[in-house]
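Take a look at the structure set out below.
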Amino acid sequence: MIIPNSSGVAHPALRVPTNACDAHMHIYDASFPQASDAAALLAAASVDEYRLLQKRLGTTRTVVVTPRNYYTDNRVTLDAIERLGSHCTRGVAVLRADVTDASLRHLHEGGIRGIRFSLYTPANAAATFDMVEPLAARVNEMGWHVQLHWTADQIAAHEDMLMRLPSCIVFDHMARLPQPLGVAHPGHAIVKRLLERGRTWVKLSGPYLDTKVGQAGDYRDIDPVAQSWISTAADRMVWGSDWPHPTEHEKPDDAQLMDLLGRWTGDASVIQKILVDNPQELYAFGQSASRTPGQ
């Protein structure tokens, strides 16, 4: 079956464990207004279409991330959490420093467990770097994390702030280490040090974002990056499809993306951690989505 915004039709060759989680995807729904400058990025990627991908991949848990098209309007994500099932779906919101405590409580009750700062292209971002630290302090009290989609250069430039953040940190898309530098980039040492200190996670997602060899080369130039993160902190790695791949005109094969895990680690117990145990801890699966911290 052809699935919108995904190439290929085969199931993953990887043995996908029960309760496997796709920890990074987006929904684009025309029922919710998009920012006028962003609508051209992707017109539609519906909950029903994503369910088809779940069946193909064998995942049952999901983390919906608000895309920049919606600025700080997270209703599309809250709606997707409810429709996909609040027992098996969580969300990551986009917010600014003026968010009220009441809004934070409402988002928590709807299944939100983190804030994304997608500052890779600052001109298109809803938030700013000076909002990261104060918001991290506020959401830390709720048990949330901050999710950072930054360039490796931005990670290096903001090292001091990263070391101060009180909340858990989740780095998007393997911390966006550029090729061919990869693990030789100074940002790698910073993220590695944060991982070794704890309270920091990495999403093993988006290998196509920094590869030079592409899908045809099976993203092999990304292997040292992914393997370095796994060897440093296998207990704090999660995997995400990044469906519907809004940056890509030629959509990748999501089963191929999942199968990369089998090349990055041959240990079935580590794959169990990445797909099941780690996201269960980070996103509090198995608890009510509306449960307040401390209950």
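The values are calculated or read from the model by the stated rules, or taken from the named source; none is laboratory data. Note that the structure is predicted; figures quoted are calculated from it, not measured. So basically every Cβ, Gly included, is an ideal-geometry build from the backbone, and we count neighbours across all protein chains shown.
Below is a table of values for the structure above.
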read-out	value
Boolean, residue 80 is buried (at least 22 other Cβ atoms within 10 Å of the Cβ) and small (Gly, Ala, Ser)	yes
Condition check for residue 273: under 17 Å from the mean Cα position of the chain (by Cα), at negative phi, of a type in the set (Lys, Arg) and at pLDDT 95 or above	yes
Count of residues meeting criterion [within 22 Å of residue 65 (Cα to Cα) and among the polar types (S, T, N, Q)] in segment 233-279	4
Subset of segment 87-112 (residues that are of a type in the set (D, E, K, R) and touching a Gly at 6+ places or on another chain (Cβ under 7 Å))	90
Residue count for segment 217-240, restricted to those that are within 20 Å of residue 281 (Cβ to Cβ) and out of contact with any Lys or Arg (no Cβ under 9 Å at 6 or more places or on another chain)	2
Count - residues of segment 187-211 that are closer than 21 Å to residue 146 by Cβ and not in a loop (DSSP other than H, G, I, E, B)	17
Members of segment 134-159 that are outside any helix (DSSP H, G or I) and within 30 Å of residue 287 (Cβ to Cβ)	141, 142, 143, 144, 145, 146, 147, 148, 149, 150
Every residue from segment 148-168 that is under 15 Å from residue 131 (Cβ atoms) and among the aliphatic types (A, V, I, L, M)	148, 161, 162, 165
Among the residues listed as 15, 56, 61, 75, the single one being touching a residue at least 40 places away in the same chain (Cβ under 8 Å) and crowded, with 22+ Cβ neighbours inside 10 Å	61
Test: residue in segment 91-102 that is closer than 22 Å to residue 143 by Cβ, touching a residue at least 24 places away in the same chain (Cβ under 8 Å), in contact with a Lys or Arg (Cβ under 7 Å, 6 or more places away or on another chain) and surrounded by fewer than 22 Cβ atoms within 10 Å (Cβ to Cβ)	no
Test: residue in segment 212-235 that is under 21 Å from residue 271 (Cβ atoms), polar (S, T, N, Q), touching a residue at least 12 places away in the same chain (Cβ under 8 Å) and not in a helix (DSSP H, G or I)	no
